[in-house]
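One structure below.
The values are calculated or read from the model by the stated rules, or taken from the named source; none is laboratory data. Just so it is clear, the model here is predicted, and its values are computed rather than measured. Because the Cβ atoms are built from the backbone with ideal geometry, glycine has one as well, and the counts that use them run over all protein chains shown. Side chains included, ligands, DNA and RNA excluded: accessible areas come from the protein's heavy atoms. Shrake-Rupley method; radii C 1.70, N 1.55, O 1.52, S 1.80 Å.
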Amino acid sequence: MTLRTSHLIDTYCANFRNLFLCVESISLMFSVSKQKRMKTITVKPSDYSSVKKQRLNARKISPRVFHVTGSDAKTLPDPEVVYDPNHDLNRKEANVDDDNIRSLWSEFRDNTTMHGLKNANLQQRRKLRCGIWAVALFAMGCFLLYTTYEQFTNYFKYPTITNTHVQTQTSVKFPAVTFCSASSLKRDSLPGDLYNLEYYLLTESVMGPFFPKLNFSNSEYSKYHVSLNESWVNNTANQVNDIFLFCFFEGKKKICENAMKATVTKLGVCYTFNSREHVSENGDIFTSRTGSTSGLRLYLMVNQSNYVFSDAMTAGIKVIIHDQGEEPEVVDKGFLVTPGFSTFASIHKTEYHYLPSPYKMNGDQFCLDTQSPGYTNPLHYYDVYSKPACRMECKQKHVARVCGCRSPYDKGNDTMCSLVQLAECYNPESERFDQNSSTQDLCLCPTECRYTEYHARLSNGYFPAKNYQGLLHSMGFTNIRETYLELAIYFESLGILKVNQIPEYNFEDIIGLLGGQMGIFLGASLLTLTELFEFLVLSSVVIVRRIYCRCFRVS
């Protein structure tokens with residue numbers, strides 16, 4: 001009984017020991033499986049021999065047999081060697097910048113709003129498709145660069161468009177009107193101490209080439225060598241009463257002596273209605289009526305018995321309509337009214353507004369912005385700048401430099417010429433200046449950016465009618481058809497023609513054109529440029545960082 005019981009106890013203990021060993025073996029198996037998952041050896045892809053050696057070392061290090069009993073043994077699997085390039089520290093340290101730029105480009109290519117760029121991917125399976133899209137993108141990019149270059153080139157030429165429109169107003173400022181007699185000198189006022197002065201004037205007139213010149217070396221012409229003075233201009237000029245008989249404005253009679261201001265011009269002393277001096281003293285004159293019964297109506301006299309020989313063989317009055325700020329061009333502009341006729345001049349006003357530099361007017365000229373804050377008048381003899389005044393001053397300086405004197409009708413304080421100097425130097429040089437275009441080009445006289453012109457349309461009839469002739473004779477007027485004339489100057493309408501120069505392109509137009517070109521050629525927008533700019537900035541940061549790291553390591 002005792003032996004049997006002892007045998008049962010031994011058997012039971014042996015079974016229990018085996019069960020404990022089985023549980024322990026299962027536990028070891030789970031532990032090895034977990035260790036298998038955790039143990040990973042990272043190797044370089046370029047050195048396969050080292051990987052093999054690491055595997056052998058792993059086999060040697062890892063336990064193969066666990067002695068559970070004297071005869072039982074369990075063999076455990078080797079740890080797995082896995083290749084993981086993301087954990088390759090040496091490669092990452094060497095190529096971190098290239099991988100970052102490549103990833104930035106991939107992200108930009110796959111996410112950009114530029115159509116077609118993601119299709120030009122070398123990693124896709126169809127290489128032909130990639131090549132077609134790359135060629136298309138390159139061609140469209142070239143077209144975009146070409147059209148953009150053309151647009152910006154045209155923009156920096158600063159092209160302009162002329163906008164013309166009529167603006168109707170309730171009242172219009174009346175212009176200045178200058179009147180000059182065809183005879184610059186009054187015969188009765190010529191000095192009597194000058195021998196044969198009328199013959200001298202004949203040789204200097206339009207008929208001068210047909211007559212011999214005076215011999216100024218003779219003693220009787222000694223006074224011809226004396227310089228003229230201011231009294232010559234005033235004493236030999238036509239007076240207001242020698243030209244104007246009656247003056248009316250807007251149907252109201254005006255005193256001609258008060259309404260007209262004397263103006264010294266190339267044609268002698270002329271008279272201006274509504275001059276700049278009159279406006280500064282009394283203000284602008286406006287008219288709100290149109291037609292021949294409104295405006296300025298004058299009755300003028302042409303006393304041909306007091307005419308002297310001059311550059312014009314006609315008899316009459318030269319009329320120049322101009323703005324108050326403009327010097328009257330009595331030689332080149334205006335129209336002539338003659339006795340025995342009623343002349344009606346219907347005028348219309350045109351205002352020009354050009355853009356200052358860098359924009360050009362009339363093709364290749366820059367205008368002068370007289371209203372800019374930093375503007376200063378470049379003229380010395382004229383208070384207000386105008387192109388006619390600038391040309392007259394330039395001509396006067398040129399002739400005065402050549403002859404050493406000025407005409408009595410020129411402005412300034414230079415010495416006046418004598419009659420001999422006028423005949424032998426001043427007049428011939430002045431004529432050569434007018435005929436020499438290259439000399440005139442030396443005068444830098446740009447046009448004002450803002451100026452006004454008045455254009456007149458003329459119509460005339462006989463003056464007076466026969467039924468008025470007897471009445472005028474009874475009032476003491478004689479030689480009516482040879483002496484008197486009627487002139488009416490009025491606005492045809494109250495509309496002002498405005499000619500404005502505007503830029504053909506502005507910054508908003510360029511942005512719109514650029515966006516349209518990008519959309520047509522690449523299907524892109526301005527935000528695409530932001531994406532491209534972002535990629536370039538990030539890539540530049542990576543490159544700068546790499547250069548800095550290399551320099552830092554070298555140092």
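Please work out which residue is most open to solvent (accessible area, probe 1.4 Å), limiting yourself to the range 439-465 and to residues that are assigned to a strand (DSSP E or B) and under 15 Å from residue 487 (Cα atoms).
Across the range 439-465, the extreme among qualifying residues is 462.
Within the range 420-435, can you find the residues that are open to solvent by less than 60 Å² (accessible area, probe 1.4 Å) and either within 37 Å of the chain's Cα centre (by Cα) or of a type in the set (Asp, Glu) (or both)? Hits for the range 420-435 are 429, 430, 433.
Answer yes or no as to whether residue 371 is out of contact with any helix residue (DSSP H, G or I) (no Cβ under 9 Å at 6 or more places or on another chain) and over 30 Å from residue 477 (Cβ atoms). Steps first, please.
Details: out of contact with any helix residue (DSSP H, G or I) (no Cβ under 9 Å at 6 or more places or on another chain): yes; over 30 Å from residue 477 (Cβ atoms): yes.
In short, yes.
Residues of the range 243-252 include at least one that is under 52 Å from the mean Cα position of the chain (by Cα), charged (D, E, K, R), at negative phi and open to solvent by 60 Å² or more (accessible area, probe 1.4 Å). Comparison of 489, 496, 511 shows that the only residue that is β-branched (Val, Ile, Thr), surrounded by 14 or more Cβ atoms within 10 Å (Cβ to Cβ) and out of contact with any Asp or Glu (no Cβ under 8 Å at 6 or more places or on another chain) is 489.
Within the range 345-367, which residues are open to solvent by less than 50 Å² (accessible area, probe 1.4 Å) and either closer than 30 Å to residue 242 by Cα or hydroxyl-bearing (Ser, Thr, Tyr) (or both)? Listed by number, the residues that qualify are 345, 346, 347, 350, 352, 354, 359. The conditions of being modelled with pLDDT under 85, open to solvent by 80 Å² or more (accessible area, probe 1.4 Å) and touching a helix residue (DSSP H, G or I) at 6+ places or on another chain (Cβ under 8 Å) are met by residue 545. The helices (runs of 4 or more DSSP H) found wholly in the range 475-555 and carrying at least 3 residues that are under 33 Å from the mean Cα position of the chain (by Cα) occupy 507-522, 526-554.
From 220, 277, grab the single residue that is open to solvent by 50 Å² or more (accessible area, probe 1.4 Å), among the acidic types (Asp, Glu), closer than 30 Å to residue 297 by Cβ and not in a loop (DSSP other than H, G, I, E, B).
Just a single option satisfies the conditions, and that option is 277.
Close Cβ contacts (under 9 Å, 6 or more residues apart or on different chains) running from residues in the range 507-519 that are closer than 17 Å to residue 114 by Cα and without any contact (Cβ under 8 Å) to a residue 60 or more places away in the chain to residues that are aliphatic (A, V, I, L, M) and surrounded by 12 or more Cβ atoms within 10 Å (Cβ to Cβ) comprise 515/524. Scanning the range 303-341 for residues that are part of a strand (DSSP E or B) and crowded, with 19+ Cβ neighbours inside 10 Å yields 317, 318, 319, 320, 321, 322, 337.
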